[in-house]
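The values are calculated or read from the model by the stated rules, or taken from the named source; none is laboratory data. Only a predicted model underlies this, so the values are computations on that prediction, with no experimental measurement involved. Here the Cβ positions follow ideal geometry from the backbone for every residue, glycine too, while neighbour counts run over all protein chains shown. Areas reflect the complete protein model, heavy atoms only, side chains present, ligands, DNA and RNA absent. Shrake-Rupley method; radii C 1.70, N 1.55, O 1.52, S 1.80 Å.
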Amino acid sequence: NFLVGMGWLGYQYSVLMAGLPQEASPVSVGWLLLSGTRWGALWWARQGLILLWITVLNRSSPGWTWLASAGLLLVQALSGHAAGLSPNTLLAVMADVLHLLGACFWLGGLLALMVGLFPEVRRGSARITPLIQAGWGPFGRWAAVSVGLLAASGLYSLGRQVASLDALLTTRYGQVLMIKMGLVLGMGTFGLLNSLLLHPSLVAPVRRYVKPPLPLNRLPRLVLIEMGLGVIVLLLVGVITAMAPARGPQFSPPSQASLQSLTQNVNDLVINLSVKPNLPGQNVFTLRVASQRRPPPAEVMRVILRFTYLDQEMGSTTADAQPIEAGLYRLGGGYFSLAGRWQVEVVVRRRGMEDSVARFQWVVPSTNGTRPVLLSNRLWEAWLAPAGAFLLILVLALALVFRPRPLVS
């Protein structure tokens, strides 16, 4: 992994140099890449943790080794698509960490057990049954937890990264993701066959409907197939990481894309926001602010707008709307720089009172128009991501209640 990281640095550096003028200083460009970019900070963190793990931590207590491994997973998650999601960026990153943890434990455990147990299986050693009971039994329970983590975190990420069913079916990102999910289901099928092979009692209630258990010497072949599918899944993960997620304004239903006016009640205020022409670039933001109390409790001093792009992390931009007449304010400018989902916070500041804040979820349509509907372009993040989060909490709770035995004593 350390050498792969060095090679990745060389590739990024060559790509960066190819796009710069010939008089650009190679040393300055390299130093800027490593010291002045987010990519460079994550590269240093990854390489440092790998080097520390190789030289020190794998010879010390297991707790520190686990901590370093968790750090590597966190750095990897911060390098992926999850770190660009907004809002709830931290939740998306942690779901990615758990997804990676489940995958690493499943595949890594298979590799370790294959190396440790298969020589005895092939020789037909009398120690096969005790070895399986000591190693594969506890691993099976941990593997079940890993599969639960993969399913729950994958469902959550699907809701955040893929806009709708149409986005899943019609984009390269969604199509490769479906292939990956099919291969993971295949891995799970072979994992279940392995469990039935090692625990014939599991099929006792339906023995009349199934064939007799496979001989134990078939175990290496089944596990090798499971491992092979896992390697293909890892390759597809690299492909998916290099693709743009299937979300954005081009997947928004027309009813949301044509949105031009919204109203909210905050405290005693009625705040109406309208945007024209509601396209990427220059727009005019018009605000009407009226108190429902007569007389109004306080004079409006300022009306502040704060713009946050929700489809990736870009920070926030703040500007003051200018008063036009009593209760009417206007702001012009290119604050909607990109098509997609935005949050517009309207802060009404009144003399001697706390700020009243209205938060509008706004969709700026793409100038290229939306995609034609194939099956459904209904955005499913609002229910799929919460379902994945709930399932993730349930899996973690069950893992704590029915805690598997340690793999080593």
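Using modelled backbone amide H atoms (1.01 Å from N, in-plane), which distant-in-sequence or interchain residues come within less than 5 Å of Val363's amide H?
Those qualifying (amide H under 5 Å, at least 5 residues apart or on another chain) are Trp342.
When a/c reaches 1.5 or more, the comparison of a/b and b/c decides; with that in mind, is segment 240-364 rounded, prolate or oblate per its Cα gyration tensor?
Since a/c reaches 1.5 and a/b is larger than b/c, the shape of segment 240-364 is classed as prolate.
With the cut-off at 1.5 for a/c, could you classify segment 142-188 from its C-alpha gyration tensor as rounded, prolate or oblate? Show your work: numbers first, answer last.
Working: a/c = 3.90, a/b = 1.71, b/c = 2.29.
It is oblate, given that a/c is not under 1.5 and a/b is not larger than b/c.
For a protection proxy built on the mean count of beta-carbon atoms within 10 angstrom, sort 188-195, 153-160 highest first, please.
153-160, 188-195
Enumerate the calculated ³J(HN,Hα) couplings along segment 148-163 in order (Karplus 6.51 cos²θ - 1.76 cosθ + 1.60, θ = phi - 60°), each rounded to whole Hz, writing x wherever the residue is Gly or Pro.
Karplus values, whole Hz, x for Gly and Pro: x, 4, 4, 5, 5, 5, x, 5, 4, 5, 4, x, 8, 9, 10, 5.
What ranking do 2-15, 228-241 get when scored by the average of other Cβ atoms within 10 Å per residue, highest first?
Numbers: 2-15: 12.1, 228-241: 15.1.
For the peptides 2-15, 228-241, the packing ranking is 228-241, 2-15.
What's the ranking of 162-169, 385-392 by average number of surrounding C-beta atoms within 10 Å, highest first?
Working: 162-169: 21.6, 385-392: 17.8.
Per-residue mean Cβ counts within 10 Å order the peptides as 162-169, 385-392.
Toward the positive end of the charge dipole of segment 311-368, about the Cα centre and with charges on Cβ (Lys, Arg +1; Asp, Glu -1), which of Gly327, Gln343, Ala358 goes farthest?
Farthest towards the positive pole: Gly327.
Could you give the accessible area per residue of segment 260-404, probe 1.4 Å, as a whole number in Å²?
I get 57 Å² per residue for this part.
Under a 1.4 Å probe, what is the accessible area of segment 1-100 per residue, stated in Å²?
Accessible area per residue: 61 Å².
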